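The values are calculated or read from the model by the stated rules, or taken from the named source; none is laboratory data. Every value quoted in this text rests on a predicted model; they were computed, and no experiment measured them. Methodologically, a virtual Cβ is constructed for each residue, glycine included, from the backbone with ideal geometry; neighbour enumeration extends over all protein chains shown. For the accessible areas, the whole protein counts, side chains as well, though only heavy atoms, and no ligand, DNA or RNA atoms are used. Shrake-Rupley method; radii C 1.70, N 1.55, O 1.52, S 1.80 Å.
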Amino acid sequence: MTDSQPPVYQFLLFAPDKTDAGSLARRLAVREKHLETAKALSGAVTLKLGRALLSPESIAAPGAPQTMVGSVLIYQAASLDAVRAVVERDVYYTSGVWDPERLVILPFAGLALPE
């Protein structure tokens, strides 16, 4: 008996924000909608991990302001196209927070590290 389920892969999304002066304001304006949508993902594409990327200055000194400059997300899905479709519907993508010219989506493999 063969398993009829398609293989499932994990994908890394590296999504730097645009660098114009209004980028952070756009991010903050739609952040709650982005988080709600990400938490609700289920079915063909699921989100395994999502984090904001910070500028290096954010950790340069204790108490430094944390400035978000992008996102890194790990999705689980059967195809790159399925992940790309989810990414392109994300409010960070559609509202001009993420820089579509610099987005990278790649499948990855490896062993889970012990906690």
Summing -39500 (n - 2.57) over every DSSP H run of at least 4 residues in the chain and dividing by its residue count gives a helix-only mean residue ellipticity at 222 nm, to the nearest 500 deg cm²/dmol, of -8500 deg cm²/dmol
With Cα coordinates, the longest principal axis of the chain makes an angle with the long axis of helix 80-89, in degrees rounded to 10, of 40 degrees
Counting only protein heavy atoms and rolling a 1.4 Å probe, one gets per residue an accessible area for the chain in Å² of 67 Å²
Measuring from the longest principal axis of the C-alpha atoms of the chain, the long axis of helix 23-40 (C-alpha) lies at a number of degrees, nearest 10, equal to 30 degrees
Taking 32-40, 70-78 and ranking on average Cβ neighbours within 10 Å, highest first, one gets 70-78, 32-40
Expressed as a whole-number percentage, the relative contact order of the chain with C-alpha contacts under 8 angstrom and at least six residues apart is 43 percent
Measuring from its Cα centre, the chain shows a charge dipole (+1 at each Lys and Arg Cβ, -1 at each Asp and Glu Cβ) which, in debye to the nearest 20, is 180 debye
Whole-percent carbon and sulfur contribution to the accessible surface of segment 3-115 (1.4 Å, no ligands, DNA or RNA) stands at 58 percent
